[in-house]
1. Within the range 48-62, whose backbone N sits under 15 Å from a point 7 Å along Cα→Cβ of GLN30?
2. So, with +1 on the Cβ of K and R and -1 on the Cβ of D and E, and no other charges, what is the size of the charge dipole of the range 172-289 about its Cα centre, to the nearest 20 debye?
3. If the label point is 7 Å along Cα→Cβ of ALA210, which residues in the range 356-394 have backbone nitrogen under 12 Å from it?
4. With every protein chain kept in place and ligands, DNA and RNA left out, what is the accessible area per residue of the range 176-247? Probe 1.4 Å, answer in Å².
5. What is the extension gain from ALA261 to ASN378, computed as 0.36 nm multiplied by their sequence separation minus the C-alpha to C-alpha distance, in nm to one decimal?
6. Step through the table entries LYS218/LYS273; LYS218/LYS339; LYS273/LYS342; LYS298/LYS342; LYS22/LYS286, compare each Cα-Cα distance with 30 Å, and write down the pairs that go over it.
7. Quantify, in whole percent, the carbon and sulfur part of the accessible surface of the range 300-394 (1.4 Å probe; protein heavy atoms only).
8. Taking 4 °C and 1.567 mPa s as the conditions, I'd like the Stokes-Einstein D for the range 211-260 in µm²/s, using the Kirkwood hydrodynamic radius from alpha carbon pairs.
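The values are calculated or read from the model by the stated rules, or taken from the named source; none is laboratory data. Bear in mind the structure is a predicted one, so any value in this text is a computation, not a measurement. Note that we place each Cβ from the backbone using ideal geometry, even for glycine, and neighbour counts take in every protein chain shown. SASA here: full protein model, heavy atoms, side chains in, ligands and nucleic acids out. Shrake-Rupley method; radii C 1.70, N 1.55, O 1.52, S 1.80 Å.
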Amino acid sequence: MIEVRVPDEQEGTKAVVRAWLKQIGDAVAQNDPLVELETDKVTQEVPAPAAGVLAEIVLDTDAEAMPGALLARIETEGAAAPTRAREKPEAGPERILERATSANGEIETRLSPSVRRACLQHGIDASRIRGTGRNGRVTREDVDRVVASATVVSVGEPATAQPRQFSAQDIPHDRMRLTIAENMVRAVAEAPHVTALFEADFSAVAAHKAAMAARGVKLSYTAYIVKAAAEAMGAAPAINGRWEKDRIAISPTIDIGVGTALGEKGLVVPVVKDAGSLNLDQIGAKLDELTRRAREGKLERSDVSGGSFTISNHGVSGSLLAAPIILHQGQAAILGVGKLEKRVVVREIDGQDAILVRPMAYVTLTIDHRVVDGHQTNAWLTRFVEIIESWPPA
C-alpha cells in the first residue's frame, strides 16, 4: 500500500478536505489529482504519488487535514476494488444516490467535526439527512443543503423553544469564511492595533503611468504602491518585522502580500517575494500573474505564504478610508490605500499659495504596537508619501 499524506508545506495553516476527485475503487495514474484541500488562503490539489487503485479514504470531506496527516491509501498491485457509491436511476426524472455499505454491511454513520457543529448550530437531526458522502456518510454540503431548504427550525424542547427563522437568502458558512473569521478574531485579540493616517498626491505617479502606457507598458497603481512600500522600509526596518516572545524578528527580505478580492468567496493575499530586489516592471508583471491565477483559483501554497508586509488597496472598490485594517498574522504592519480622486489642495508655488486640483488618496498604516511605535510609523509613512509624490519622470 502507498500512503497519501497532506503536504508538509502548510506553515501551520489549518486545512480541510474540500472534495475527493477519485472514489474508492477508481484506478489512478501517478500525479493524477486525487483530493482538494482548502485553507483560508488557497485550494490545493494533492496528486497521487503512484499508480494503482484507490483502496481507502482515511480523511473524508470536511475533515481537518493537518500537515503530514494520512489522507488515503493506494493499492499498487492487483486487488479487488471495494464497493463504492454509485448513481442509480429511478422512475421519473429524479436520480438518487445509492448508499454503499462499509465492510461490515452497515451504513456509515460517523460524523466529521464540521458536520456535528453544523447540526448542533441549526438543530438538525443528522440521522434524518440523506448522506451523499462515502458509504452514505453525511457531509457538510448535505447539512448546508438541508439548511438552505428549511424555513423554520426548532431549537431545544418544543414547549419552550423559540423558532429560528431561515430564508433562501441565508448564506451558510463555507470553510474559507470560517477560517477568515477565526484569523481575524485572533489577530485583533493578540495584537494591539494602532492606525496612522496620511494623504498622498499621485500626480507624479499618474504622469509616469501615462508615459509608460504610451510606450505600450501597462502598469497598475498597485505596482507603484508595492515599489514605494519596499523602498520605504529603509526608514523603519521594524515595519518589516514581527513579534516573537523573545525578540522582534526582522525579515531578511521584503515580501509584500497584496489583498485580492474573490467576490463572494472572500479574498486571498498573494505575495510578491523579495519585492525590494525587483524593479517596477518586474513588480507589475508579477502582480498581473498572481492576480490572474488568484481569480482562476490556481494559486499554490507558496504563492500565499511567507509575506512580511501586506497592502490593502481597498480604494479600488470605492472606499476613501478604512481603519483599522486587521493585521495579517505574523506581521507588524499593513498599508491601506483609499480611493484615488481629484481634490482641491493648497500648494506653495514661487512663494505664493495656490489652489490646485490633484489626484489624492488617503494612506494608512496600521501597526502592531508591540513591534513599532508612533515615531517609526510616521517615519515610514513620511518616506512612503515622499517616494509617491516625487516619482521621477519616465
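1. From the range 48-62, the list is 48-53.
2. 140 debye
3. Once the point is set 7 Å along Cα→Cβ of ALA210, 359 turn out to lie under 12 Å by backbone N, inside the range 356-394.
4. Dividing the accessible area of the range 176-247 by its residue count gives 49 Å².
5. Full extension from ALA261 to ASN378 adds 39.3 nm.
6. Beyond 30 Å: LYS273/LYS342; LYS298/LYS342; LYS22/LYS286.
7. Carbon and sulfur atoms account for 52 percent of the accessible area of the range 300-394.
8. On the way: Rh = 13.1 Å.
It diffuses with D of about 99 µm²/s by this estimate.
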